[in-house]
Amino acid sequence: MKFNKKMFVFFIFIIMSALPAWTLGQENKPAESSQGLDYVLGPSDILDISVWKNDALTKQLPVLPDGKISFPLIGEVMAGGKTVAKLKEELEKKLTNFISSPVLSVVVTQVNSMQIYVIGRVNRPGRYQINTDINTLQALALAGGLTPFAKREKIKLFREVDGKTRIFSFNYDKVSQGENLDQNIQLKRGDVIVAP
């Protein structure tokens with residue numbers, strides 16, 4: 001059997017498509033180093049917060065839909081939109097009013113807020129919870145690929161940025177052939193892919 005460029009691109013596509021499916025079952029595992037202190041928290045994420053030598057201040061807390069958590073002694077704190085490191089720093093600062101030199105630990109035990117949406121002419125449209133970086137092509141693979149009636153060259157990605165919607169174009173055939181790879185962008189929380 002002759003091995004040509006199209007077969008090579010298809011082989012790479014199959015391998016890349018399988019990667020996110022393997023990670024989907026791991027959403028209840030603690031956040032890995034790529035989502036450690038730099039991970040930006042969102043609603044429904046589960047945090048383990050503990051203060052050394054103080055069991056009363058060791059709590060497992062969900063980030064509420066409004067982005068807040070409620071912690072003993074200091075009350076409500078905005079966690080959504082902050083990195084783990086920033087939240088840790090803020091909690092330590094507020095706790096110094098009650099405890100001298102608190103040693104605080106903040107760990108993301110469940111990444112539940114990283115959700116994307118794939119709708120339109122795909123085989124499995126819907127909301128997908130992810131816990132790793134994926135790109136547009138991989139997200140379409142998660143959704144079972146395009147149906148035969150999809151307009152493969154007119155796929156759009158919608159992203160909210162500072163209260164405004166940005167729209168990115170995606171040509172499935174070009175990208176899967178190794179062209180226009182700049183269209184195959186990394187997805188962010190809340191991104192919506194529409195396959196017309």
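Convex hull volume of the Cα atoms of region 47-196, normalised per residue: 124 Å³. Start at zero, step by 10 Å, and the Cα-Cα distances of region 33-110 spread as 20, 58, 21, 0 percent across the bins.
The GluC sites (Glu not before Pro) of region 108-196 meeting both criteria, a DSSP state outside H, G, I, E and B (loop) and at most 14 other C-beta atoms within 10 angstrom of the site's C-beta, are GLU153, GLU179.
Note on VAL40 and LEU64: the extension gain reaches 7.2 nm, defined as 0.36 nm multiplied by sequence separation minus the Cα-Cα distance. Extension gain for ILE119-ILE74 works out to 12.0 nm (0.36 nm per residue, less the C-alpha to C-alpha distance). Of the peptides 124-137, 104-117, the ranking by mean beta-carbon count within 10 Å, highest at the top, reads 104-117, 124-137. Taken along the Cα-to-beta-carbon direction at a fixed 7 Å, the label points for ASN180 and LYS164 span 2.4 nm. Once you reduce region 146-188 and region 128-144 to the center of their Cα atoms, the two points are 12 Å from each other.
Other residues lying with their Cβ under 13 Å from the Cβ of ARG166 contribute a combined charge of +1, Lys and Arg counting +1, Asp and Glu -1. The Cβ shell under 13 Å around LEU146 holds other residues with a net charge of +3, Lys and Arg each +1, Asp and Glu each -1.
For the peptides 79-86, 58-65, the ranking by mean Cβ contacts within 10 Å, running from highest to lowest, is 79-86, 58-65.
Taken together, the values in this text are just the output of simple stated rules run on the coordinates, not laboratory data. All values derive from a computational prediction rather than experimental measurement. Quick reminder, even Gly has a Cβ in these numbers, built from the backbone with ideal geometry, and neighbours come from all protein chains shown.
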